[in-house]
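Below is one structure, written out as structure tokens; comments come after it.
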Amino acid sequence: MLLLCLAWELWLAPLRPGGSLLALKAAPLALPLAGIYAGRRYTYQWASLLILAYFAEGAVRAWSEAGAVRILALAEVALSVLSFAALVAYARVTRARQPGAVAP
């Protein structure tokens, strides 16, 4: 998603020719990378909340824009849904078992 956001706002369909500062929206996606590569459960948890902002932006732009922007926005929605599902699944798999709890 990081690459999609950068390519979208710099080359594929920028708001202004030559790119715009909206490309900075990709910066928050770089914050959890170290924790995700290290397998830190807490990072997966808060990254799943961060990714919801990208889902909202993609949904709004898919609804309100046309042409290439709509396709890119739908790709952002799809990637955010897949990312959210993967992040939550990892957080669930790695949660600590409670004593006496029945395994699912």
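The values are calculated or read from the model by the stated rules, or taken from the named source; none is laboratory data. Bear in mind that the values here come from a model prediction, so they are computed numbers and not experimental data. Because the Cβ atoms are built from the backbone with ideal geometry, glycine has one as well, and the counts that use them run over all protein chains shown. Please note that ligands, DNA and RNA were not included when accessible areas were found on the heavy atoms of the full protein model with its side chains. Shrake-Rupley method; radii C 1.70, N 1.55, O 1.52, S 1.80 Å.
Can you give the calculated 222 nm mean residue ellipticity of the chain, where each DSSP H run of n ≥ 4 adds -39,500 (n - 2.57) and the sum is split over every residue, rounded to the nearest 500 deg cm²/dmol? Please report the intermediate quantities before stating the final value.
On the way: 5 runs with 66 residues, N = 104.
Here the helix-only value at 222 nm equals -20000 deg cm²/dmol.
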Counting only protein heavy atoms and rolling a 1.4 Å probe, one gets per residue an accessible area for the range 1-51 in Å² of 62 Å²
How tilted is helix 41-64 with respect to the longest principal axis of the chain? Cα atoms for both, answer in degrees (0 to 90, nearest 10).
30 degrees
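Could you give the length gained on full extension between Leu3 and Ala75, defined as 0.36 nm per residue of separation minus the Cα-Cα distance, in nm?
Numbers: separation 72, 0.36 × 72 = 25.92 nm, distance 1.18 nm.
Gain in length upon complete extension: 24.7 nm.
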Using alpha-carbon pairs under 8 Å, 6+ residues apart, how would you state the relative contact order of the chain in percent?
26 percent
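Loop sites only, by DSSP: take the trypsin sites (Lys or Arg not before Pro) in the chain that have at most 11 other C-beta atoms within 10 Å and name the longest stretch containing none of them. Don't jump to the answer; show the numbers that get you there.
Values: sites that count: Arg95, Arg97.
That gives 1-94 as the longest site-free run.
Just how large is the dipole of the chain about the Cα centre, in debye to the nearest 20, putting +1 at every Lys and Arg Cβ and -1 at every Asp and Glu Cβ?
Working: 9 positive and 4 negative charges, 86 e Å.
So the dipole magnitude of the chain works out to roughly 420 debye.
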Between Trp46 and Leu31, what is the label-point separation in nm under the 7 Å Cα-to-beta-carbon projection?
0.7 nm
With axes computed from alpha carbons, what is the tilt in degrees of helix 68-93 against the longest principal axis of the chain, rounded to the nearest 10 within 0 to 90?
10 degrees
Return the distance in nm (one decimal) between the two label points of a simple spin-label model at Leu10 and Ala85, each offset 7 Å from Cα along Cα→Cβ.
3.0 nm
Return an integer: the convex hull volume of the alpha-carbon atoms of the range 1-73, in Å³ per residue.
80 Å³
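Accessible area of the chain with a 1.4 Å probe: how many percent of it is carbon plus sulfur? Can you show the working numbers first?
Numbers: 4840 of 6770 Å².
Summing carbon and sulfur atoms, their accessible area is 72 percent of the total for the chain.
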Listed residues Ala56, Leu31, Pro17: farthest to the positive end of the dipole of the range 7-77 (Cβ charges):
Leu31
